[in-house]
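> Here it is: the structure, laid out below.
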Amino acid sequence: MLQGLSVLAMVLLHLFCTYDYADKYTPILYFGGVPLCFYIAQLSDFCVFGFAFCSGYGHMVNYCKEGFYKSRLKGLLAVLCDYWVILCVFSLISIAAGQPEFMPGNLQKFLLSALLVEIGYNGAWWYLFTYAVLVVISPVLLKAVEKHHPLTVLFFGFAVYCAAYYVRFRVVTDNWLLIKFGPFGMTLFEYLVGAVCYKIGFVTWLRKCWAKLSKMIQWMLTVFFVLAMLYGRTKIVPSLFVAPVTGAVIMALFVLWKKPKWFEDAFLFVGKHSTNIWLTHMFFYMVLFAFCALLIENGKSE
């Protein structure tokens, strides 16, 4: 369900987190001169934290089980196979839409994308390389989480996060390693947070504390946190740097509140298909399908 929540947040972020919306959508509700959907989209930038947290938590759950690493590598290969199928299918769609220069372009561009060296077609695909590296080095990371004090692990991860954030958003460079280090270093910290949370039993502890509160207090805290984050992430701290904090609060509230079965089933369904949604959603509102829509519109007008 958390993966479903995260991928829906990703779609909202990519669709509505822009002030340049004149040619994209027509806002209906505003607050403080800003479309209400922008507030929601800005808060939705926890999506990567959600995926990384789930990966770290899930990997830590299975770390001591026999065949853990082999299973993780098989899972990674399954994701890559899914990616390669989508890469080929959408290349064919692009050719059929009259955009072969965009996708697949030349053979070098196609192969570099297939090998995750470069991301030339879909901006959301940057996470593939980061996830692949995390899976490959997961035994080392999880052993460190198991061996060292949680605060030591989190301090190290946060230090890397800060350095990576600076490199990603403040350093202009053509160095391939630095370009990859930015998103990887930030995601590494989020992955470690998930692993540490399982190690210390944080979710179980949080549920026990939440259960001690009255329904009224639970509702008041939920409304306060949601409204504070909606306003704060847009008007006070409009920075991706704090996404792990707001993401942790959103995911905690999502886990803590009891949900009806239809709600759980819906998010389980979306979560099951989260990889395909992540890998394809940008095509439906950016160059490829936007171009197709333009052709259809021009055909109607003629």
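> Taking Cα centroids, how far is the stretch 86-157 from the stretch 232-285 in Å?
That distance is 20 Å.
> What is the dipole size for the stretch 203-275, taken about its Cα centre, with +1 at each Lys and Arg Cβ and -1 at each Asp and Glu Cβ, in debye to the nearest 20?
So the dipole magnitude of the stretch 203-275 works out to roughly 220 debye.
> What number comes out for accessible area per residue over the stretch 159-225 if the probe is 1.4 Å? Units Å², please.
With all protein chains present, the stretch 159-225 gives 62 Å² per residue.
> Hey, another quick one. Ignoring everything except DSSP H segments at least 4 long, calculate the 222 nm mean residue ellipticity for the chain; use -39,500 (n - 2.57) per segment, divide by total residues, nearest 500.
Roughly -23500 deg cm²/dmol at 222 nm, from the helical runs in the chain.
> What ranking of H149, H14 comes out by heavy-atom accessible area, probe 1.4 Å, highest first?
Reading off the accessible areas and sorting them downward yields H149, H14.
> Could you derive backbone 3J(HN,Hα) for the stretch 27-43 from the dihedral phi with the Karplus parameters 6.51, -1.76 and 1.60 (θ = phi - 60°), listing whole Hz in sequence and x where the residue is Gly or Pro?
3J(HN,Hα) across the stretch 27-43, in whole Hz: x, 9, 10, 10, 9, x, x, 10, x, 4, 5, 5, 4, 5, 5, 4, 6.
> Using +1 at the C-beta of Lys and Arg and -1 at the C-beta of Asp and Glu, which of P35, G120, V136 has the Cα lying farthest in the positive direction of the dipole of the chain?
Projecting each Cα onto the dipole axis, the largest value belongs to V136.
> Kindly report, to the nearest 10 Å², the accessible surface of E146 as traced by a 1.4 Å probe over protein heavy atoms only.
My reading of the accessible area for E146 is about 90 Å².
> Using a 1.4 Å probe on the protein heavy atoms, what percent of the accessible area of the chain belongs to carbon and sulfur?
Looking at the chain in its full context, I get 71 percent from C and S.
> Right, next: Would you please classify the overall shape of the chain from the alpha carbon gyration tensor, given that a ≥ b ≥ c denote the square roots of the eigenvalues, rounded means a/c under 1.5, and beyond that prolate means a/b larger than b/c while oblate covers the rest?
oblate
> Might you tell me the accessible area per residue for the stretch 1-129, computed with a 1.4 Å probe and given in Å²?
With all protein chains present, the stretch 1-129 gives 50 Å² per residue.
> Considering the options V11, M229, V85, tell which one lies farthest towards the positive end of the dipole of the chain, charges being +1 on Lys and Arg and -1 on Asp and Glu at the Cβ, about the Cα centre.
The one lying farthest along the dipole's positive direction is M229.
> Next question, about the same structure. Where nothing but the Cβ of Lys and Arg (+1) and of Asp and Glu (-1) is charged, how large is the charge dipole of the chain around its Cα centre, in debye to the nearest 20?
1300 debye
> Still on this model: Across bins of 10 angstrom width beginning at 0, how are the C-alpha pair distances of the stretch 184-279 distributed, in whole percent?
Computed distribution, short to long bins: 12, 33, 44, 11, 0.
> What's the ranking of 16-22, 49-55, 36-42, 112-118 by average number of surrounding C-beta atoms within 10 Å, highest first?
Listed from highest to lowest mean packing, they are 49-55, 36-42, 112-118, 16-22.
> Taking the chain as a Gaussian network, Cα atoms linked when under 10 Å apart, which of L29, L188, L15 shows the biggest mean-square fluctuation?
Checking each option, the largest mean-square fluctuation is seen for L29.
> Counting only residues 5 or more places away or on other chains, whose amide H sits under 5 Å from the amide H of F31 once H atoms are built in the peptide plane?
It is L36, by chain and number.
> Pop out the ³J(HN,Hα) list for the stretch 90-100 in order, Karplus 6.51 cos²θ - 1.76 cosθ + 1.60 with θ = phi - 60°, rounded to Hz; leave Gly and Pro as x.
Each residue's phi maps through the Karplus curve to give 6, 5, 5, 5, 5, 5, 5, 7, x, 10, x Hz.
> Follow-up. Taking a ≥ b ≥ c as the square roots of the eigenvalues of the Cα gyration tensor of the stretch 98-217, is the shape rounded (a/c under 1.5), prolate (a/b larger than b/c) or oblate?
prolate
> Determine how many Å³ per residue the convex hull of the Cα atoms of the stretch 1-130 encloses.
Expressed per residue, the convex hull around the Cα atoms of the stretch 1-130 is 139 Å³.
> Please list, ordered by chain and number, the residues whose modelled amide H lies under 5 Å from the amide H of E118; skip anything fewer than 5 residues away on the same chain.
S113
> Tell me the net charge near G32. Cut-off is 15 Å between Cβ atoms, G32 excluded, with +1 for each Lys or Arg and -1 for each Asp or Glu.
Residues near G32 contribute +2 overall.
> List, in order, the whole-Hz ³J(HN,Hα) value for each residue of the stretch 7-16 obtained from phi through the Karplus relation with A = 6.51, B = -1.76, C = 1.60 and θ = phi - 60°; use x for Gly and Pro.
6, 5, 4, 4, 5, 4, 4, 6, 7, 10
The values are calculated or read from the model by the stated rules, or taken from the named source; none is laboratory data. Model, not experiment: these values are computed from the prediction. Heads up, the Cβs are rebuilt from the backbone with ideal geometry, glycines too, and the neighbour counts pull from every protein chain shown. Calculation scope for accessible area: heavy atoms of the full protein, side chains included, ligands and nucleic acids excluded. Shrake-Rupley method; radii C 1.70, N 1.55, O 1.52, S 1.80 Å.
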